[in-house]
Every structure is written in C-alpha cells, then in structure tokens.
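So the structure is just underneath, and the comments pick up after that.
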Amino acid sequence: PDIMAFQEAGLDGRRHQVRELLGDRGYHIIHQFDVKMPRNSNNGCCIATRWPMQLTELLPLQVTDRCNFYAYAALAVRVGAPAPIGPFLFVCAKPSWELNREYERELQAVKIIKMIRRHSAREEFPAILAGDFDATPDSSSIRFLSGKQSIGGTSVFFRDAWMEGGDGTEGFTWTSENPSAKGLIKKIMHTDSHARRIDYIFLGSFHDFVPTVSINSCRVVMTKPSGGTCPSDHYGVFAEIEHRT
C-alpha cells in the first residue's frame with residue numbers, strides 16, 4: 001500500500017514493531033512515541049508511507065479520567081504525494097476501546113474532527129482518517145463521523161470507504177473466526193461467537209462537494225491464518241482511492 005495506519009503498534013527500548021514488519025521496503029515511518037508525550041503504555045499509533053511526510057499534530061485523546069491509563073491519540077501527518085494528488089492530511093486514530101466508553105468516543109471523535117479542520121486546506125486532496133475506532137456503524141461516534149447525527153453542537157460528513165467500496169457484506173473486522181481474537185472475545189464478550197465492524201477508513205472534506213475523488217474498492221484483508229495465527233486480533237481494511245482529473 002502507498003500508506004498504512006497501525007494502531008497499538010509496539011515501540012519500546014528493545015523493538016520497533018512496524019519497522020521490523022516493513023523491513024527495507026523503503027517506507028517513511030512516524031510513531032506517536034517519536035513525539036514527546038506521556039508514555040503510559042508501550043504501544044500506540046504509527047503511520048508508514050511510500051512518500052515523504054511531516055508530522056502535523058499528535059492529539060492526545062485523554063478526554064476523561066477513564067482514558068488516562070492508555071496513550072489514546074490521533075496522529076496526523078501531511079503526506080507529500082506526487083501530482084495530481086499533492087499534499088494531503090492523513091490521520092491514524094485510536095479512541096477508547098471499552099464497551100461502556102461510547103461517551104468518551106463521542107468526545108474523542110469531535111476532537112479529531114476539530115483537529116482535521118484546523119489543518120485542512122481548501123486546495124488539498126480530502127483528508128483520510130483511518131483507525132481502530134472500537135465502535136460499530138450504528139454507534140453514536142461512527143454515526144457522527146459519517147454524517148448521520150450531530151454531537152456537541154457540530155456535525156460533519158466523512159465518507160466510509162466500506163460503505164462505498166465494500167462487497168455488500170457486513171465487513172466484520174473483529175470476529176471470533178479470527179484465532180488471534182477468539183480468546184479475547186471470549187473474555188470480554190462471554191461468548192464463543194461474535195463479530196463486529198470496528199475498523200474504518202474515512203475520506204473527509206469540509207466542503208460540500210468533492211467530485212474528483214472516488215473510492216474504487218474496499219475490502220477486509222489479512223483474514224487467513226498462517227500456522228494457526230492471524231497477524232492481529234483485528235482484520236485489516238484496504239481501500240483503493242482514486243484522484244480523477
């Protein structure tokens with residue numbers, strides 16, 4: 001892929017998980033721990049691109065005391081893509097995960113959108129927001145991001161890549177069919193069978209109409225175990241986004 005967003009990517013004094021994974025493939029990489037912020041965990045957001053990028057902002061998402069135990073954040077970079085795309089804003093986000101934290105996810109979603117608005121320029125390719133949002137499409141935070149409801153006196157419309165380019169299925173990304181998730185799902189959900197779509201790629205603009213950008217396809221990837229193990233307890237989401245001149 002030209003650009004990738006990782007959540008809960010390990011970085012400590014012994015290893016850099018994304019650098020190990022990508023090796024010498026020539027990606028530019030920024031981890032949220034490359035920026036000075038409280039480190040109350042050993043993993044966080046990371047972005048890798050084939051094109052040069054500059055850090056725009058690292059936004060902490062500790063919106064209530066219930067978030068303080070983990071380095072929840074949104075990592076924003078400006079990607080120097082070649083013409084005709086040109087520079088654009090790319091954001092990797094990791095809001096709160098707990099089932100009873102939708103209030104926090106609402107506050108976090110509004111903070112993320114306000115940050116994107118601060119750094120978006122009218123002439124740019126639309127911003128891309130990707131991450132593990134730990135919320136289903138009918139939840140308030142995702143409904144807010146996809147233009148179905150307002151929160152905190154504001155509203156926005158970001159295009160959900162799966163809804164536009166998916167195959168018509170539910171697009172589950174966290175499921176007990178994944179052997180790397182089955183044990184955790186059993187512990188949290190108290191069931192042997194569970195599936196949700198909680199990972200997203202959004203294409204966003206604060207202008208009413210962006211006719212030159214299309215989401216050609218979107219699919220769930222990394223679903224086949226190797227040696228009984230998947231790369232993550234979440235499946236990945238892959239989208240093909242085209243700039244049409």
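The values are calculated or read from the model by the stated rules, or taken from the named source; none is laboratory data. All values reported here derive from a predicted model rather than from experimental measurement. All Cβ positions, even for glycine, are placed from backbone atoms using ideal geometry, and neighbour counts span all protein chains on display. Remember, those area values only see protein heavy atoms, side chains included, never the ligands or the DNA or RNA. Shrake-Rupley method; radii C 1.70, N 1.55, O 1.52, S 1.80 Å.
Do we have any residue at all in segment 3-17 that's within 24 Å of E240 (Cβ to Cβ), open to solvent by 80 Å² or more (accessible area, probe 1.4 Å) and among the charged types (D, E, K, R)?
Filtering segment 3-17 down to residues within 24 Å of E240 (Cβ to Cβ) leaves 3-7, 9.
The next check asks that each one be open to solvent by 80 Å² or more (accessible area, probe 1.4 Å); those that pass are none.
Within segment 3-17, not a single residue is within 24 Å of E240 (Cβ to Cβ), open to solvent by 80 Å² or more (accessible area, probe 1.4 Å) and among the charged types (D, E, K, R).
Which one is most open to solvent (accessible area, probe 1.4 Å) among residues in segment 147-201 that are on the phi > 0 side of the Ramachandran plot and in contact (Cβ under 8 Å) with a residue 24 or more places away in the chain? Show your work before the answer.
Taking segment 147-201 first, the residues on the phi > 0 side of the Ramachandran plot are 147, 152-153, 168, 171, 190.
Subsequent filtering for residues that are in contact (Cβ under 8 Å) with a residue 24 or more places away in the chain retains 152, 171.
Working: G152: 79, G171: 6 Å².
Of everything passing the filter in segment 147-201, G152 is most open to solvent (accessible area, probe 1.4 Å).
Name every residue in segment 18-36 that is aliphatic (A, V, I, L, M) and open to solvent by 40 Å² or more (accessible area, probe 1.4 Å), in order of residue number. Walk me through how you get there before you give the answer.
Here is the first cut: in segment 18-36, the residues aliphatic (A, V, I, L, M) are 18, 21-22, 29-30, 35.
If the condition is that a residue be aliphatic (A, V, I, L, M) and open to solvent by 40 Å² or more (accessible area, probe 1.4 Å), then L21 is the only one that fits.
Tell me, please, whether a residue that is in a loop (DSSP other than H, G, I, E, B), small (G, A, S), more than 19 Å from F202 (Cα to Cα) and in contact with a strand residue (DSSP E or B) (Cβ under 7 Å, 6 or more places away or on another chain) can be found in segment 41-52. Can you show your working first?
Of segment 41-52, the ones in a loop (DSSP other than H, G, I, E, B) are 41-42, 50-52.
Narrowing further to those that are small (G, A, S): 41.
So of that shortlist, the ones also more than 19 Å from F202 (Cα to Cα) come out as 41.
This time we only want the ones that are in contact with a strand residue (DSSP E or B) (Cβ under 7 Å, 6 or more places away or on another chain), so: none.
Taking every residue of segment 41-52 in turn, none turns out to be in a loop (DSSP other than H, G, I, E, B), small (G, A, S), more than 19 Å from F202 (Cα to Cα) and in contact with a strand residue (DSSP E or B) (Cβ under 7 Å, 6 or more places away or on another chain).
Between a residue in segment 1-18 that is farther than 27 Å from F202 by Cβ and any residue that is open to solvent by 30 Å² or more (accessible area, probe 1.4 Å), which pairs come within a Cβ distance under 7 Å, given they are 6 or more apart or on different chains?
Note: pairs meeting the criteria are D12/N42.
Can you name the residue in segment 99-122 that is part of a loop (DSSP other than H, G, I, E, B) and at pLDDT 95 or above and is also farthest from Y200 (Cα to Cα) among such residues?
Pass one, segment 99-122, residues part of a loop (DSSP other than H, G, I, E, B): 99-101, 120-122.
When the remaining residues are screened for being at pLDDT 95 or above, the result is 100-101.
Values: N100: 20, R101: 18 Å.
Step by step, filter segment 99-122, then rank; the result is N100.
Does segment 37-44 contain any residue that is within 18 Å of the chain's Cα centre (by Cα) and open to solvent by less than 80 Å² (accessible area, probe 1.4 Å)?
Here is the first cut: in segment 37-44, the residues within 18 Å of the chain's Cα centre (by Cα) are 43-44.
Next, from what is left, pick out any that are open to solvent by less than 80 Å² (accessible area, probe 1.4 Å): 43-44.
Yes, because at least one residue in segment 37-44 is within 18 Å of the chain's Cα centre (by Cα) and open to solvent by less than 80 Å² (accessible area, probe 1.4 Å).
Could you check segment 141-168 and list, in sequence order, the residues that are assigned to a helix (DSSP H, G or I) and of a type outside the set (A, V, I, L, M, F, W, C)?
Looking only at segment 141-168, we keep the residues that are assigned to a helix (DSSP H, G or I), and these are 141-145, 161-165.
Those that are assigned to a helix (DSSP H, G or I) and of a type outside the set (A, V, I, L, M, F, W, C): S141, R143, E164, G165.
Of F69, F125, which residue is surrounded by 22 or more Cβ atoms within 10 Å (Cβ to Cβ), modelled with pLDDT under 95 and assigned to a loop (DSSP other than H, G, I, E, B)?
Working: F69 fails: surrounded by 22 or more Cβ atoms within 10 Å (Cβ to Cβ).
After applying the criteria, what remains is F125.
Out of segment 215-235, which residues are touching a residue at least 40 places away in the same chain (Cβ under 8 Å) and either among the small types (G, A, S) or touching a helix residue (DSSP H, G or I) at 6+ places or on another chain (Cβ under 7 Å) (or both)?
Here is the first cut: in segment 215-235, the ones touching a residue at least 40 places away in the same chain (Cβ under 8 Å) are 215-220, 223, 225, 228-235.
Correct list: I215, N216, S217, C218, G228, S232, D233.
How about segment 227-245: which of its residues are assigned to a strand (DSSP E or B) and either open to solvent by less than 30 Å² (accessible area, probe 1.4 Å) or among the acidic types (D, E) (or both)? Show your work before the answer.
Of the residues in segment 227-245, the ones assigned to a strand (DSSP E or B) are 229, 236-243.
If the condition is that a residue be assigned to a strand (DSSP E or B) and either open to solvent by less than 30 Å² (accessible area, probe 1.4 Å) or among the acidic types (D, E) (or both), then G236, A239, E240, E242 are the ones that fit.
Failed condition for K224, given (1) open to solvent by 90 Å² or more (accessible area, probe 1.4 Å); (2) modelled with pLDDT of 95 or more, with all others met?
Exception for K224: condition (2).
Tell me which residues, restricted to segment 83-97, are open to solvent by 30 Å² or more (accessible area, probe 1.4 Å) and either under 16 Å from Q7 (Cα atoms) or out of contact with any Phe, Trp or Tyr (no Cβ under 7 Å at 6 or more places or on another chain) (or both).
Scanning segment 83-97 gives A83, P84, P87, W97.
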